[in-house]
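Quick notes on the structure that follows.
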Amino acid sequence: MRVITTIKDMQTEIINLKAQSKSIGFVPTMGFLHEGHLTLLKRAREENNIVVLSIFVNPLQFGPTEDFSTYPRDFDRDQSLADCEGVDLLFYPSVEEMYHHSSSVRVTVQERTDVLCGKSRPGHFDGVATVLTKLFNIVMPTRAYFGIKDAQQVAVVEGLISDFNFPIELIPVDIVREEDGLAKSSRNVNLLPEERSEAVVLYKSLTAAKKAIEEGERNPQTIKDQVSDMIRSETHGQIDYVEIYTYPQLKEIQNLEGTCIIALAVKFSKVRLIDNIILEISQEIGGVK
C-alpha cells in the first residue's frame with residue numbers, strides 16, 4: 001500500500017493506472033475507521049482492480065458548535081487497517097493541501113438537505129459536496145462506495161454525481177448490523193447497558209413498519225405513529241425524528257408507493273443513533289421489497 005499526501009502525486013498515479021485500463025474503487029472517509037468502513041473497502045476490493053481510500057477530516061462540513069479540532073484521529077491505526085483490507089492507495093492530504101487558498105467556488109446543495117439530520121446542520125452537506133467534488137476530480141474513480149446507514153448523505157452524493165455528470169458509479173452498501181439487529185456504529189460503545197438492550201427496538205420498529213406496509217397499510221402518518229409509539233413504549237430514548245420520504249429525492253409523500261425511506265433518529269443519554277430502511281412499494285398487498 002502506498003500513502004500519498006499531495007494532489008499532484010495522486011492525480012499522476014491515477015492517470016497512469018487509467019492508462020492501463022484499471023478500474024478504481026474509491027472509499028472516502030474522515031478516518032478513525034470502523035467496521036462500516038471496512039465493509040465498504042471489502043466491497044471495493046471485490047469489484048475493482050485498484051482500491052483507493054481517502055482520509056481527510058474536512059473542516060467545511062463542521063458547524064459552529066461542532067469542534068473540528070477534537071474529531072477523533074488515529075492515522076497509524078487507520079493505516080494498519082487499510083493495509084489489512086488490501087487498499088492499494090491511501091490518500092492522506094493535509095487541510096493546507098486540499099484548501100491551500102481561499103476558495104473562489106464552493107458547492108451549494110439545493111435539495112435533499114432540509115430534512116432528517118440535515119435540518120439541524122445547515123451548511124453541512126455543502127461542505128460534503130464541495131470536498132467530494134474535489135476528491136472525485138483527484139481520484140477519478142470508476143466506482144464510489146458509501147454506507148446506506150447515512151442515507152441522506154447517499155442521496156446528496158447521488159444528486160452530485162448526476163447533476164455534475166461525474167462518470168462514476170455510486171455503490172450504496174447495506175447497513176451492517178449486530179446479531180440483534182442494531183446498526184453497527186462506533187457510537188454504540190457510549191450506550192449504557194440498559195440503553196444497549198433498548199436500542200434494538202429501533203430496528204424492531206422499522207421491521208414492524210415494513211410488515212404493516214406488506215399487509216396493506218399505505219398511510220405514511222399511520223406508519224410514523226406506529227414506529228414512534230413502539231420506541232416511546234419500549235425505550236427511554238428521546239425521538240429526534242421519525243420520517244418517511246421518497247428516496248433518493250427526500251420529498252414528502254401522501255401515499256406509500258415507489259421507493260421510500262423510513263428513517264429515524266433517537267437520542268439516548270450520551271449518544272444519538274440513526275437507522276433506516278428503504279423499501280420498494282407497490283399498491284398490491286404484500287408488494288414490498
Residues of segment 180-191 classified as surrounded by fewer than 16 Cβ atoms within 10 Å (Cβ to Cβ) and assigned to a loop (DSSP other than H, G, I, E, B), total:
1
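For residues that are among the aromatic types (Phe, Trp, Tyr) and in a strand (DSSP E or B), scanning just segment 220-247, find the one that is surrounded by the most Cβ atoms within 10 Å (Cβ to Cβ).
245
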Is it the case that segment 9-30 has a residue that's buried (at least 18 other Cβ atoms within 10 Å of the Cβ), of a type in the set (A, V, I, L, M) and touching an Asp or Glu at 6+ places or on another chain (Cβ under 6 Å)?
no
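If the requirement is being surrounded by fewer than 16 Cβ atoms within 10 Å (Cβ to Cβ), at pLDDT 95 or above, farther than 27 Å from residue 113 by Cα and outside the structural domain of residue 158 (by TED's automatic domain parsing), which of these qualifies: 194, 198?
194
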Of 51, 87, which residue is modelled with pLDDT of 95 or more, within 19 Å of the chain's Cα centre (by Cα) and closer than 20 Å to residue 139 by Cβ?
51
Does at least one position in segment 70-80 carry a residue that is surrounded by 15 or more Cβ atoms within 10 Å (Cβ to Cβ), basic (Lys, Arg), touching a residue at least 24 places away in the same chain (Cβ under 8 Å) and not in a loop (DSSP other than H, G, I, E, B)?
no
Given the options 194, 198, name the one that is touching an Asp or Glu at 6+ places or on another chain (Cβ under 8 Å), among the acidic types (Asp, Glu) and either in a helix (DSSP H, G or I) or more than 30 Å from residue 4 (Cβ to Cβ) (or both).
198
Being over 19 Å from residue 153 (Cβ atoms), without any contact (Cβ under 8 Å) to a residue 40 or more places away in the chain and assigned to a strand (DSSP E or B) is the requirement here; does residue 3 meet it?
no
Restricting to segment 6-21, give me the number of residues that are assigned to a helix (DSSP H, G or I), under 23 Å from residue 83 (Cβ atoms) and touching a residue at least 24 places away in the same chain (Cβ under 8 Å).
6
Identity of the residue in segment 248-289, assigned to a loop (DSSP other than H, G, I, E, B) and of a type in the set (S, T, N, Q), that ends up modelled with the lowest pLDDT:
283
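The values are calculated or read from the model by the stated rules, or taken from the named source; none is laboratory data. Since the structure is predicted, the reported quantities are computational estimates derived from the model, not experimental observations. Glycine gets a Cβ as well: all are built from the backbone with ideal geometry, and neighbour counts include every protein chain shown.
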